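I have placed the structure first, in the form of structure tokens, so that the comments after it can refer back to it.
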Amino acid sequence: MTKMRILLVEDELDLGTAIQRTLSQQKYIVDWVQNGTEAWGYLESEWTHYAVAIFDWSLPGLSGIELCQRLRHRKNALPVLMLTARDRMEDKVAGLDAGADDYLVKPFAIVELLARLRALQRRSPQLQNQQLQVGCLTLDYATLTVSVQTGEGISQVIILTAKEFQILEHFMQQPRQIINREQLMNHLWEIQSEPMSNVVAAQMRLLRRKLAEYNCDGMIETVYGLGYCFIPTDAPK
């Protein structure tokens, strides 16, 4: 499954804050910008790869419609959910014709936005896999949980925070590859955030501590001077 990094383009401060907070709680990585021109810069960047985009229709700089049109002109199939206060049928048709995959009229409930994102996930071929299994660990995107298969054939759920879930997913997608601090920062922290310099090491300690509770503490090795490496293993004893 493609990592669920979302580009949110919404210039209403209160709404953008609410959406970003809720999506982060749901283990999405959210880059939130309030200007369409800035959003296009994110979409063109080699450092950002999004699974879904949420565009407001009316934005400073490029509008949500123009962002959609640019994406489709470049044959970019990124799933797009359009947010707008326009509820006329001709407006909905214009949004869909511009390349939006779905359309949500303001005001809306956050739970409906989450449901629309799940629907986009089901429809998008690159987002359909619901589980990632590597060694004895299984990461479930439907329930946002990770479980470990013990030597006795028992599956136990490991309770992780949103960031721990994202870090473990990143390692499970690249087993036996060395991943350094800068790569983790680029992939797993929002662009606008300014995390402390020791945040990666602190998160790694917390994740390892939780894995150790299930005899999985040796899966993430420190490669001194280079970074970290995830070594999948069979069921722990």
Problem set entry | Residues of the range 29-55 classified as touching a Pro at 6+ places or on another chain (Cβ under 8 Å) and either assigned to a loop (DSSP other than H, G, I, E, B) or over 15 Å from VAL80 (Cβ atoms) (or both), total | 4
Exercise. In the set ARG72, ARG21, which member is part of a helix (DSSP H, G or I) and without any contact (Cβ under 8 Å) to a residue 12 or more places away in the chain?
Worked result: ARG21
For this session: Read through the list (1) part of a helix (DSSP H, G or I); (2) of a type outside the set (Lys, Arg); (3) crowded, with 16+ Cβ neighbours inside 10 Å; (4) modelled with pLDDT under 85, then give the number of the only condition that CYS216 fails.
Result: (1)
Exercise. If you go through the range 1-12, how many residues are modelled with pLDDT of 95 or more and surrounded by fewer than 21 Cβ atoms within 10 Å (Cβ to Cβ)?
Worked result: 0
Exercise. Which of the residues spanning the range 132-179 are in contact with a Gly (Cβ under 6 Å, 6 or more places away or on another chain) and crowded, with 19+ Cβ neighbours inside 10 Å?
Worked result: ILE179
For this session: Go through the range 129-177 and tell me which strands (runs of 3 or more DSSP E), entirely inside it, have 3 or more residues that are under 13 Å from TYR28 (Cα atoms) and over 15 Å from the mean Cα position of the chain (by Cα).
Result: none
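Every residue, every condition in (1) within 26 Å of VAL30 (Cα to Cα); (2) modelled with pLDDT of 90 or more; (3) not in a loop (DSSP other than H, G, I, E, B), yes or no:
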{"position": "MET196", "(1), (2), (3)": "yes, no, no"}
{"position": "ALA201", "(1), (2), (3)": "yes, no, yes"}
{"position": "GLY225", "(1), (2), (3)": "no, no, no"}
{"position": "TYR228", "(1), (2), (3)": "yes, yes, yes"}
{"position": "PRO232", "(1), (2), (3)": "no, no, no"}
{"position": "ALA235", "(1), (2), (3)": "no, no, no"}
Problem set entry | THR22 surrounded by fewer than 15 Cβ atoms within 10 Å (Cβ to Cβ), of a type in the set (Val, Ile, Thr) and at negative phi | no
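Condition check ((1) polar (S, T, N, Q); (2) assigned to a loop (DSSP other than H, G, I, E, B); (3) closer than 15 Å to ALA53 by Cβ) across all residues:
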site: LEU81; (1), (2), (3): no, no, yes
site: ARG86; (1), (2), (3): no, yes, no
site: VAL93; (1), (2), (3): no, no, no
site: ALA100; (1), (2), (3): no, yes, yes
site: PHE108; (1), (2), (3): no, yes, no
site: ARG116; (1), (2), (3): no, no, yes
For this session: Can you run down the residue pairs with Cβ atoms below 9 Å, 6 or more apart or on separate chains, where the first is in the range 112-134 and within 30 Å of ILE231 (Cβ to Cβ) and the partner is modelled with pLDDT of 85 or more and of a type in the set (Phe, Trp, Tyr)?
Result: VAL134/PHE171; VAL134/PHE230
For this session: Would you be able to say whether some residue in the range 78-87 is exposed (fewer than 15 other Cβ atoms within 10 Å of the Cβ), among the charged types (D, E, K, R) and within 23 Å of ARG118 (Cα to Cα)?
Result: yes
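The values are calculated or read from the model by the stated rules, or taken from the named source; none is laboratory data. Given the structure is predicted, the values throughout are model-derived calculations rather than measurements. Because the Cβ atoms are built from the backbone with ideal geometry, glycine has one as well, and the counts that use them run over all protein chains shown.
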